[in-house]
Amino acid sequence: MPPRKPLRPKASLVVRNAVVATCDAGASDPGLIPGAAVAVDDRRIAFVGPERGLEAVVDVEGAQVIDAAGGLVTPGLVDAHTHLVFAGERAGEFALRCSGKSYLSVALSGGGIAATTRATRAASDAALLETAMARARRLLAQGVTTVEVKSGYGLSTEDELRLLRVIHDLAHALWAEVTIVPTLLAHAVPPERAGDRDAFVRELCEVLVPRAAREKLAEHVDVFAEEGAFTLDEARRVLAAGARHGLVPHVHADQLTASGGSRLAAELSCASADHLEEIDDEGIAALARADVVAGLLPLSTLFLGSSRYAPARKLLSAGVRVALATNLNPGSAMSENVGLALSLACLQLGLSPAEALVAFTAGGARALRRPDAGRLRPGADADLVLWGCGSPEHLAWHMAVNHALVVVKRGRVVHTAAAGAAVDCR
Ligand code: NIG
């Protein structure tokens, strides 16, 4: 009898002739493999490595084959910070800021989060779902396969729960295309509750957080700890309540003022502290000690017309893991432009293109505590992107255009670029 061939998993999809970035080799190393292939067995990665090793590991007969033609293949991007469920627009506010008004002064005069809350409360569920879906699909078309989505424009128990239900419906509708990770966000004290803040915070802790957790509407909890939003003590109470109910805590920290949000994130072992434009050395050391991911959101700094970018180089040097995200929202980052975020991370935050890519993949997955996303290795989620260029450097260099050619989610092709997409690798 001839020797039996070892049993190999049958591949459903194979990408050949690629430069693969596994994003699984540390914060500064994209894990590049030239002449590589990736094979998918249903929804999981079955093989990643030099093409010559492919057929010893998987049976490729009958598989759908994509020829990458020397293009870069990466994990699907993980956008770990968005506020993409909202109604209305803030273009007038944008114009005011262009004429010199600050974000805080516009917010304190009735604009800002309160303005979006009024529009969001007035919108129907169907309208909120439709616009959110369009925004999520714009991210998907640029290679994002996991998106964190926050509530935060309801600002009352019932309105926040309603937004979380819209996020739940969004997750359901997009299940095959994008993973939606739902977060309950305590974003601000609404004007009608300004006179009884303490009771409002108590209601968040004793009613909203428990209901969001019990009804399985949120996996994460986040608080905007900032002048004009929540004090550190209030944020601590909400996050502690979230943790008691099994929600993973995050903080919007040190965005506009050095208010100590990053130290609070460290004290509570949060998964991430996001923004950090005003973080100080003590905050950086605290994040490093507590292994809290730093969420970098450079589109916000640009959009607010500020020059205060988060000190990403210092964070990395201190050993803090970083995540890069869009922060898509109507007030401080009205943009789904993933490529621009990658370029800004290099130009203004001091990351290398490789570090920026890892931050937008494995870094985001770490911030969301999703170890199976954001990296290419056997057993991981089969979420991947074929880009029309051959290196991470090219992605950041050719700025603010969409390089994504093919996006694969859970092992299926869910997006193919239209003719005319940026293709520069062949
Ligand atoms: O992450 N900083 C708080 N939340 C958003 C802005 C929200 C808004 O202005 O509507 C942010 O930047």
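The values are calculated or read from the model by the stated rules, or taken from the named source; none is laboratory data. This is a predicted model, so every value here is computed, not measured. Quick reminder, even Gly has a Cβ in these numbers, built from the backbone with ideal geometry, and neighbours come from all protein chains shown. Accessible surface areas use protein heavy atoms only, side chains included; no ligands, DNA or RNA. Shrake-Rupley method; radii C 1.70, N 1.55, O 1.52, S 1.80 Å.
The set of residues from segment 372-398 being within 13 Å of Gly31 (Cβ to Cβ) and open to solvent by less than 10 Å² (accessible area, probe 1.4 Å) comprises Gly374, Leu376, Ala380, Pro392.
The residue pairs whose first member lies in segment 358-371 and is surrounded by fewer than 24 Cβ atoms within 10 Å (Cβ to Cβ), whose second member is small (Gly, Ala, Ser), and whose beta carbons are closer than 6 Å, counting only pairs six or more residues apart or on different chains, are Arg369/Ala271.
I need the full set of residues from segment 96-113 which are more than 24 Å from the chain's Cα centre (by Cα) and within 10 Å of the ligand (Cβ to nearest atom), in order please.
Passing the criteria: Val106, Ala107, Gly111.
Of the residues making up segment 12-30, none is open to solvent by 30 Å² or more (accessible area, probe 1.4 Å), in contact (Cβ under 8 Å) with a residue 24 or more places away in the chain and assigned to a helix (DSSP H, G or I). Under the condition of being within 29 Å of Asp372 (Cβ to Cβ), away from the ligand (no atom under 16 Å from the Cβ) and of a type outside the set (Gly, Ala, Ser), the residues counted in segment 143-160 number 3. Annotation: Ala419 fulfils all but one of (1) surrounded by fewer than 19 Cβ atoms within 10 Å (Cβ to Cβ); (2) in a strand (DSSP E or B); the unmet one is (2). Residue count for segment 70-95 under the criterion of being of a type in the set (Val, Ile, Thr), closer than 17 Å to Leu302 by Cβ and more than 13 Å from the ligand (Cβ to nearest atom): the result is 0. Val48 meets all of the listed conditions (1) within 16 Å of the ligand (Cβ to nearest atom); (2) of a type outside the set (Gly, Ala, Ser); (3) not in a helix (DSSP H, G or I) but one, namely (1). Only helices (runs of 4 or more DSSP H) whose full extent lies in segment 294-397 are considered here, and the ones with at least 2 residues that are of a type in the set (A, V, I, L, M) and within 29 Å of Glu219 (Cα to Cα) are 312-317, 338-347, 353-358, 364-367.
Looking only at residues of segment 294-311 that are touching a residue at least 40 places away in the same chain (Cβ under 8 Å) and open to solvent by less than 10 Å² (accessible area, probe 1.4 Å), we find that the one that is farthest from Val147 (Cα to Cα) is Thr301.
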